[in-house]
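Worksheet for the structure shown next.
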Ligand code: TA6
């Protein structure tokens, strides 16, 4: 659809504008009394969430790709319908196939509490069924207000169950990785991807001093990123998830990634709300699963 048509259909005076962004991608820009946000309709990805008077909560790489078929490095990428490598080992792309695909913009709504909700969606097509042979509808609701809420809603529109792993692969902007701690995972078991997925147990807060890639399991409560560098705490509450991923590429892997700056690992941390590791959802025919995360500066 033409960008002017989208702007006419979904624009709301002083609240929502639909613009053409980098790479010609359609961006939804949201302004509320509490915060601003930018959402890309390509990949269904929140790229920026900035509460008034604060630096952006989200990290977005300055070398990110904005091009068809490529994932955008930063913000809240959607990993779906599998998290990580192809679970069937068929060589399909890591983290599924919706983070590098055009989504449909479905709605924008100014709500009574002053927040704005933007809805996007995707359904199965011949092309998606060639990669993943299931009928589905996938919805994304992004609510921008004093907090940022992201809800990813999967409906099985087929006649048989399917297995779903997924993640909100959120990149948080931090002031200094050396002064960052993640709370809420104390005592949880985790699969250490840096050591072939061996199971370990977290003691104390998570700190990052080397490349880190962990799937925490049995996650029940809220998480908190204590960012000493920017002197703020980011609180993450979630539903529909019993696992969380903590990732930082550290120096060598960051350097090897063309879409990440060499020093970016010092200023970002991914703390991801997931259904990953053993936390796989078997979704019955006709059933729906909601994975939600809410981010707020505490
Ligand atoms: O969520 C952690 C992770 O799966 C890591 O293993 C690392 O590969 C990262 O995501 C980034 O993946 P990407 O494919 O976006 O470069």
Could you grab me the full set of residues in segment 229-255 that are within 10 Å of the ligand (Cβ to nearest atom) and not in a strand (DSSP E or B)?
-> 249, 253
From the options 123, 139, residue that is touching a strand residue (DSSP E or B) at 6+ places or on another chain (Cβ under 6 Å) and buried (at least 17 other Cβ atoms within 10 Å of the Cβ) = 139
Which of (1) touching a residue at least 60 places away in the same chain (Cβ under 8 Å); (2) within 30 Å of residue 123 (Cβ to Cβ); (3) more than 15 Å from the ligand (Cβ to nearest atom) does residue 166 not meet, given it meets every other one?
-> (3)
Any idea which of 208, 174, 234, 153 is at pLDDT 95 or above and closer than 30 Å to residue 135 by Cα?
-> 153
Test for residue 20: is it touching a strand residue (DSSP E or B) at 6+ places or on another chain (Cβ under 9 Å), more than 16 Å from the ligand (Cβ to nearest atom) and without any contact (Cβ under 8 Å) to a residue 24 or more places away in the chain | yes
Would you list the strands (runs of 3 or more DSSP E) that sit entirely within segment 25-114 and hold 1 or more residues that are under 19 Å from residue 245 (Cα atoms) and within 12 Å of the ligand (Cβ to nearest atom)?
-> 45-51
Which of the strands (runs of 3 or more DSSP E) contained wholly in segment 172-212 include at least 2 residues that are out of contact with any helix residue (DSSP H, G or I) (no Cβ under 9 Å at 6 or more places or on another chain) and exposed (fewer than 15 other Cβ atoms within 10 Å of the Cβ)?
-> 198-201
Based on what the data block shows, is residue 110 in contact (Cβ under 8 Å) with a residue 60 or more places away in the chain and at negative phi?
-> yes
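The values are calculated or read from the model by the stated rules, or taken from the named source; none is laboratory data. Values in this document were obtained by computation on a predicted structure and should not be read as measured data. Methodologically, a virtual Cβ is constructed for each residue, glycine included, from the backbone with ideal geometry; neighbour enumeration extends over all protein chains shown.
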